[in-house]
Each structure stands twice: as C-alpha cells, then as structure tokens.
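Visitor: Let me begin by handing over the structure; questions about it come next.
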Amino acid sequence: MKKLRYAVLGCGFWSHYQISGWKELEGLELVALYNRTLSKAELVAEKFNIPAVYDDPGKLLKKEKLDFVDIITDVDTHLRFTKMAAKRGLDVVCQKPMASSWSDARKLVEACKKNKVKLFINENFRWQAPIRRVKKIMESGIIGDVFKARVSFCSAFPVFDNQPFLAELEQFILTDIGSHILDVCRYLLGDANLLYCQTKRVNPKIKGEDIANVLMEMKNGSHCIVEMSYASRLEKEVFPQTLVLAEGTRGSVKLDPDFEIKITTEEGTVVEIVKPVMYPWLDPDYAVVHSSIVDAQRDILEGLRGGKAETTGRDNLKTIKLVYSSYKSAKSGEVIKV
Ligand code: 89Y
C-alpha cells in the first residue's frame, strides 16, 4: 500500500500527541512541520526525527510532495490553512473546533468541496473506549428505548497551564469542550431538534465563559442534559473524563469516574470497567483523550484511503451548529431550532 505523505501545521501541545497517534498506524510518513515560531517546530522535528521545518506555510506547501495536511494550529488560522491546502489538491485533517464561527465553518467545508478534497475533523472524544462501550450497550436494547441522557464534563483542572491561549478566548468552554461533548451527545443520541443554553464566567482570570449548561430535544424524542464546567471543584477531580447517564424504558447505563460502567435493569446492576489503552507516549493526566486519538486517526486514515470515516467535515458541521446555536441561545435567552 502506498504510504501517505503528510505535513503537520502547528507544533503546540496537541501536536506531540497527534503525531504520536499517527505513528501508531501503518502507511504514513510525516515529511514536514510548520510553526509560526520556527524553534518550536525544530524541537518537535528533533523529537520525532522529521526532515523539514518551516515558518512559512506557503513555502512548505509549495516545496513538499504531500497527500494531506494535519492542521493543529490555533482555531483562527484553520480556514486560511485549509483553503491553502485545498487549493493545492491536498486532503485536510483539521483540529476541533474546525472554525471560530458558524460562517467560517461552512466556508471551510465549502472550500474542500469546491477543490474536491476530503476534509476530516480530528474529533476524538467519541472515540474514547468507555464512550464506545456505552453506545454499544444502548444499541444492544438492554436498557430499552432511551428517553433521557445526562452528559457531564465538570472539572477544576488547570487547563490554562498547558494551553494558555484558552484563557484568551472570548468564547471558551463551548468551543473548546463543547465541541467534544456536544459531538458525544450526537454520537450517542443522534441529531438535535431544539436547544436551550445558559452560560456563565466564574474564573475572573479568563475572558470567555467557563460554565455552559445545554438542554436539547433530540430528533429521536429523547432529552439530553449537558453540563460543562471548568470551575467545579468537586470531591473527585475526573478531568478529562466525560460522565454519562442514559435512561431507557427498561433500565439505565451509567459511565462513572474511572471508567466504571453500570448497567441497571430489573435484574439488578452489572458493573464493568473499560479502560483506555495506555500508550507509552501519552500524558497520564490526559490518558483517555490521548488514547482515543489513535482510534480517531485510524478512522480518519480509512477515510483518507477512500473508505468511510465518522468525523468528516460535513458531519462535524452539525456539531459546530450545536456549539454556535448554544451561544445564540445563551445570548438571546431563547430556545433555538437547530
Ligand atoms: O483543548 C481541550 C481538549 O480538546 O481536550 C481537553 C482540552 O485540552 C482542555 O479543555
């Protein structure tokens, strides 16, 4: 099988894990790196033994022979870099959230369509091993028809230490974690009809909102309650775990801290533990997320090779719609038809 040649644009925190994730898969060759500050690209190049580094993305795209680019830069550059790559006929893998507005997200998808290149979003939360298991349990029918779910991501983990730019975002938690969590909701329950959202900023040191609570009516008739917070000092800090409770006509499934899954039916409760694969390169503080990068990227690789992949640009647009509809609702105080 022909090796796919790719370049990584952006050498920040996530590049270390996405590159490590790609390296777990066969048939890929990372040939070049771009970063605005060249010294940062040089450090990553040395770590992973990458032959070429650039601080000019245009030069990189002109000089290197590539099949695709993996864009891991700040969100504001996603549209510009996607357009540059797409015009050269390169497929694009783009970091979440795909863009910093609904209209840019649409332009990004349009640019890839117009240039007939594939677009995938590196959306990994839905690929977390315990979340995949919860979905399987829901699909098995054991808890009956799901009428309600609660999806929670509440933490006080100091995310701003590793990703300082998050503190500067005018729109923080819904874009950063909301893009993941609302995607998990779509993965578990399908698309939404309506939503209502309230947001708040508790941490005075950041610009954006660090609390968001969303209530959705899904197309399948179920209700979904989503709570997200980076200001929750709780008895047990579970960052970066997503907790789920899905209730059905015959029982419930609950994803609790430390990957404990509890299935309750008339017969009682059965408990299983579904842990992430602990790759040697992952940061233990982010284990379940870093591990899921491999599964997300395996699926994207399938898509790049012409097969089916879940997190296409077109699909992720529906998640982004939920993010920006939530802001719209929070601002207007109204229920938004999605
Ligand atoms: O940027 C975020 C992500 O994608 O996962 C967790 C995170 O690092 C901080 O919220």
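Visitor: Of the peptides 106-119, 287-300, how do they stack up when ordered by the mean number of other Cβ atoms within 10 Å, highest first?
Guide: Ranked by mean Cβ neighbours within 10 Å, highest first: 287-300, 106-119.
Visitor: Between the alpha-carbon centers of region 260-275 and region 84-104, tell me the distance in whole angstrom.
Guide: 40
Visitor: Once neighbouring chains are kept in place and the probe is 1.4 Å, which whole percent of the accessible area of region 55-113 is contributed by carbon and sulfur? The partial results should precede the final answer.
Guide: On the way: 1190 of 2650 Å².
Solvent-exposed carbon and sulfur of region 55-113 make up 45 percent of the total.
Visitor: If you average the alpha carbon positions of region 1-59 and of region 167-195, how far apart do those two centres end up, in angstrom?
Guide: 28
Visitor: Which links in K62/K113; K236/K275; K148/K262; K116/K337 stretch past 25 Å when you go from one Cα to the other?
Guide: K116/K337
Visitor: Just from its helices, what would the mean residue ellipticity at 222 nm be for the chain, if runs of 4 or more DSSP H residues each count -39500 (n - 2.57) and the sum is divided by every residue, rounded to the nearest 500 deg cm²/dmol?
Guide: -11000 deg cm²/dmol
Visitor: Nearest 10 degrees is fine. How inclined is helix 313-332 to the longest principal axis of the chain, computing both from alpha carbons?
Guide: For 313-332 against the chain, the angle is about 60 degrees.
Visitor: I would also like to ask the following. Hey, can you find the accessible area per residue of the chain for me, probe 1.4 Å, expressed in square angstrom?
Guide: Roughly 46 Å² per residue, with all protein chains present.
Visitor: Aspartates and glutamates within cross-link reach of K47: Cα-Cα under 16 Å, excluding same-chain residues under 8 positions apart?
Guide: Hits, sequence-local ones excluded: E24, E29, D283.
Visitor: Now a separate question. What are the lysines whose alpha-carbon lies under 21 Å from the alpha-carbon of K59, with same-chain residues fewer than 8 places away excluded?
Guide: Those lysines meeting the cut-off are K40, K83, K87.
The values are calculated or read from the model by the stated rules, or taken from the named source; none is laboratory data. This is a predicted model, so every value here is computed, not measured. Here the Cβ is made from the backbone with ideal geometry for all residues, glycine too, and neighbour counts use every protein chain on show. For accessibility, only protein heavy atoms count, side chains too; no ligands or nucleic acids. Shrake-Rupley method; radii C 1.70, N 1.55, O 1.52, S 1.80 Å.
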